[in-house]
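Student: Dumping the structure here so I can ask a few things about it.
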Amino acid sequence: MTEIAAVVLVVEDEAQMRTFVRIALESHGFQMLEAPTASEGIRQARTYSPDLVLLDLGLPDADGSIVTRRIREYSRVPILVISARGNEESKVKALDEGANDYLTKPFGSAELMARIRVALRNVTSRDAPSVVRLGDDVEIDLVRRSVTLRTGTSAGEEVHLTPMEFKLLATLVRNVGTVQTHHQLLEEVWGPGHENQMQYLRVYMTQLRHKLEREPARPRYLLTETGIGYRLRTEA
Ligand code: CA
């Protein structure tokens, strides 16, 4: 029995980067399609329906976020943005337009493959897990609406969260492993019209870290993505 290889469309103008990605993908059994421009990326995405799109934002003919916008008109295929550091504004734009996650250049092949696996898993698993563990420290059960904290060898004690704290945490759990922009979290948790209430997010994130992290000032699970948003990581 042969497994059908997942197809990744790489939209990237730098030939060297495409070669690097090709070696990483093919050594892990993926097939790769290449597009050096935004317009070619849009065309190939439509023609070949890839399983995942890896998208550079600095393309010669257009900002890469246009590719996200066009693909989202008809498809929920995972889109992983790759971009240089210091390009936060266009990353946020691409994420708000529906890209699933981003990677900052330069990155290693292990990091690339880990992000691709998370993006593919989040799309293929129809039933999101209702129980998520953060290392050995925390267990979150979305169905029972409970959060249990383990300290040392104790069996675990239930943590009391306010409804808003729980809603914020649940939103991060449902998107575990991938970044959520400030805008997305504010809209999801507080509702439309609150997209600019950054202070809400900061306050609640601080509260959650104090309740769930061993060292709230150096979080292991509730990570800040500077200038972009937050990411829930399950392994410290
Ligand atoms: Ca580029």
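The values are calculated or read from the model by the stated rules, or taken from the named source; none is laboratory data. It should be emphasised that the depicted structure is a prediction, and the values quoted were computed from it without experimental measurement. No Cβ is skipped: glycine too gets one built from the backbone with ideal geometry, and neighbour counts run over all protein chains shown. When the accessible area is computed, the model is the full protein with side chains, heavy atoms only, and any ligands, DNA or RNA have been set aside. Shrake-Rupley method; radii C 1.70, N 1.55, O 1.52, S 1.80 Å.
Student: Of all residues being in contact (Cβ under 8 Å) with a residue 40 or more places away in the chain, among the β-branched types (V, I, T) and out of contact with any Lys or Arg (no Cβ under 9 Å at 6 or more places or on another chain) in segment 4-40, which is farthest from the ligand (Cβ to nearest atom)? Just the residue, please.
Tutor: V7
Student: Find the residue count for segment 80-101, including only residues that are among the aliphatic types (A, V, I, L, M), more than 17 Å from M17 (Cα to Cα) and either open to solvent by less than 20 Å² (accessible area, probe 1.4 Å) or within 16 Å of the ligand (Cβ to nearest atom) (or both).
Tutor: Summing the residues that are among the aliphatic types (A, V, I, L, M), more than 17 Å from M17 (Cα to Cα) and either open to solvent by less than 20 Å² (accessible area, probe 1.4 Å) or within 16 Å of the ligand (Cβ to nearest atom) (or both) in segment 80-101 gives 3.
Student: Is there a residue in segment 123-132 that is at pLDDT 95 or above and within 30 Å of D51 (Cβ to Cβ)?
Tutor: no
Student: Look at L59 and say whether it is outside the structural domain of L172 (by TED's automatic domain parsing) and open to solvent by less than 10 Å² (accessible area, probe 1.4 Å).
Tutor: Here the answer is no, as L59 does not meet what is asked.
Student: Tell me which residues, restricted to segment 41-63, are touching a residue at least 40 places away in the same chain (Cβ under 8 Å) and among the acidic types (D, E).
Tutor: Those that are touching a residue at least 40 places away in the same chain (Cβ under 8 Å) and among the acidic types (D, E): D51, D56.
Student: With L223, L172 as the choices, which residue is free of Cβ contacts under 8 Å to residues at least 12 places away in the same chain and within 17 Å of the chain's Cα centre (by Cα)?
Tutor: Exactly one residue qualifies, and that residue is L223.
Student: Test V53 against the criterion of being within 26 Å of I4 (Cβ to Cβ), away from the ligand (no atom under 12 Å from the Cβ), in contact with a Ser or Thr (Cβ under 8 Å, 6 or more places away or on another chain) and β-branched (V, I, T), and give yes or no.
Tutor: In short, no.
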